[in-house]
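> This is the structure I want to talk about, given as structure tokens.
The values are calculated or read from the model by the stated rules, or taken from the named source; none is laboratory data. Fair warning: this is a prediction, and the values are worked out from it, not measured in the lab. Note that each Cβ is placed from the backbone with ideal geometry, even for glycine, and that neighbours are counted across all protein chains shown. Please note that ligands, DNA and RNA were not included when accessible areas were found on the heavy atoms of the full protein model with its side chains. Shrake-Rupley method; radii C 1.70, N 1.55, O 1.52, S 1.80 Å.
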Amino acid sequence: MTRLRMGVVGGSIAGCAMAVAGARAGAEVTVYERSDGELRGRGLGIVIPPALHRELTGVGYLDAAMPTVPLATRVWVTRVAGSRSAREFARQPGPVTACNWGLLWQALRRSAGSSPAVRYHRGRPVLAVERTEAGRALVRTESGAREYDVVVGADGHRSLTRRLLAPDLRPSPAGYAVWRGTLPLSALAGHRRPLELLRDSWVTLGFRGGHGIFYPIPRGAGEGEGADDRLLAYAIYAKPHGTDAPDTAYVREIADEHFPAEWAEIVARGAHTAMTCHPVTDLHAPGAAEAPFVLAGDAAGVTRPHTASGAVKALQDALCLERSLRGSASPAEALGRYASERTPEGARLVELGRRIGRAQVERTPHWESLDQAGVEAWCRDTLAGTTSYLYGGEGSGR
Ligand SMILES: Cc1cc2nc3c(=O)[nH]c(=O)nc-3n(C[C@H](O)[C@H](O)[C@H](O)COP(=O)(O)OP(=O)(O)OC[C@H]3O[C@@H](n4cnc5c(N)ncnc54)[C@H](O)[C@@H]3O)c2cc1C
């Protein structure tokens, strides 16, 4: 299938990865990105499975020079009942490759840009996508309309491409929020144990009504000053306090009330390099493709972030699209294959995110009394027979 014409709506993680996939499978690709500038900071810190990172660098989607922080172990921490000391109550194998979202986007953008088959237009919002009478896809922008054999909706959680395929789909709110940010590593100065842990581990800090996740990521250009080439990324899940504003003071309040003293000081001390707050929601398109349209990344579905799978899913979507295009005799056959693989995976992840959210935010366990065996049993119950790379699952994304 050479010279397939593919349009991509959105040029973020999913859009760039899908552009690389299309070009590698022989298509001529045009990417339309609404934003005019560099995309950075949208995901702050993220983790991906080491096997997926190896696969993507092996086949050339990602440059091996992209900085990452390999982490091997997950450590569970909470506050000792009736005191402000920290207690490490479990430790599990938890290999992840920690990335800076902005650096990951830049690496994919470079990869797409290095292919002569890809044209990337920034500052070019798509106004509408339509199906023509001949069954092709039409992309409308201010500068006119163009037809494509395949159009990829990689336009994020408010995707207009998805609205064409599933107009009634609405996000389901989880009823709690996540505060994400990064701190300079200097916030850890003087806190020997957290500093030691965060060299090669990621930390889950449990408290009543929520939990926090902490891990080091590479620092991108322009993200704070200092000699360190790393930042400390965090995500704190808890009940919202009435506003979605990224409120550092509220995060400090949560930390003060619930965290062991040294962890509360870390959150209190650093000038937060970046900070966002999102109400947690999820949604899942009933079909990941319907020729000539295909959905990728958050446009296809959003999971609660506990699965750490949004960017992972986008990258796997791209690998799947490339395989499907290479192995099919027509775009419709390729998109059928794509849908049959990616639709159930999206549904599985949404369900997994809900289970983890219930267990770790909505009905938190009595963290103070959990021990290694207790955590292992509780994780098995939460997973209920499915897998996640965050819980020692095998493979490139599960
Ligand atoms: C708290 C939290 C933690 C997370 N942690 C992880 C993690 O550890 N691991 C992981 O894999 N994922 C994680 N994620 C998810 C991950 O960050 C997202 O899933 C991923 O960045 C989505 O990429 P995307 O390209 O699909 O969407 P987006 O990055 O939202 O990109 C959509 C793009 O489309 C463009 N666009 C939209 N409409 C139009 C239009 N009409 N015309 C042209 N362009 C348009 C937008 O400008 C944007 O650039 C996390 C998310 C959260 C909230």
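> Once the principal axes of the Cα atoms of region 163-233 are found, what is the range along each, listed largest first in whole angstroms?
Principal-axis extents of the Cα atoms in region 163-233, largest first: 52, 35, 18 Å.
> Taking the solvent-accessible surface of protein heavy atoms with a 1.4 Å probe, what is the per residue accessible area of the chain in Å²?
41 Å²
> Also, quick follow-up: From the P(r) of region 59-99, could you give the percentage of C-alpha pairs in the tail past 14 Å?
Here the long-distance tail beyond 14 Å is 64 percent of all Cα pairs in region 59-99.
> Taking a ≥ b ≥ c as the square roots of the Cα gyration tensor eigenvalues, with a/c under 1.5 meaning rounded and otherwise prolate when a/b beats b/c, else oblate, which class fits region 12-51?
Oblate shape, in that a/c is at least 1.5 and b/c is the bigger or equal ratio.
> Running Debye on region 41-166 with equal point scatterers at the Cα sites and no solvent, what base-10 log of I(q)/I(0) appears at q = 0.17, 0.22 Å⁻¹?
For the requested q values the scattering log ratios are -1.04, -1.27.
> For the chain, take the longest principal axis of its alpha carbons; what is the angle in degrees between that and the long axis of helix 13-24, to the nearest 10 within 0 to 90?
Rounded to the nearest ten degrees, it is 40.
> For the chain, divide the Cα radius of gyration by the Kirkwood radius and give the resulting Rg/Rh value with two decimals.
Radius of gyration relative to Kirkwood radius: 0.98.
> Leaving out ligands, DNA and RNA, what percent of the accessible area of region 107-153 is carbon and sulfur, probe 1.4 Å?
43 percent
> Once you have a ≥ b ≥ c as the square roots of the Cα gyration tensor eigenvalues for region 146-286, tell me rounded if a/c is under 1.5, and otherwise prolate or oblate according to whether a/b is larger than b/c.
prolate
> So if a site counts as exposed when it's one of the GluC sites (Glu not before Pro), its DSSP state isn't H, G, I, E or B, and it has at most 15 other Cβ atoms within 10 Å, what's the longest stretch of the chain without one?
Free of exposed loop sites, the longest segment is 226-393.
> Sticking with this structure for a sec: Sum -39500 (n - 2.57) across every DSSP H segment of at least 4 residues in the chain, then divide by the residue count to get the 222 nm mean residue ellipticity, nearest 500.
Taking each H run of at least 4 residues, the total per residue is -10000 deg cm²/dmol.
> Taking all protein chains together and a probe of 1.4 Å, list 239, 313 from the most accessible to the least accessible.
Largest accessible area first, the residues go 239, 313.
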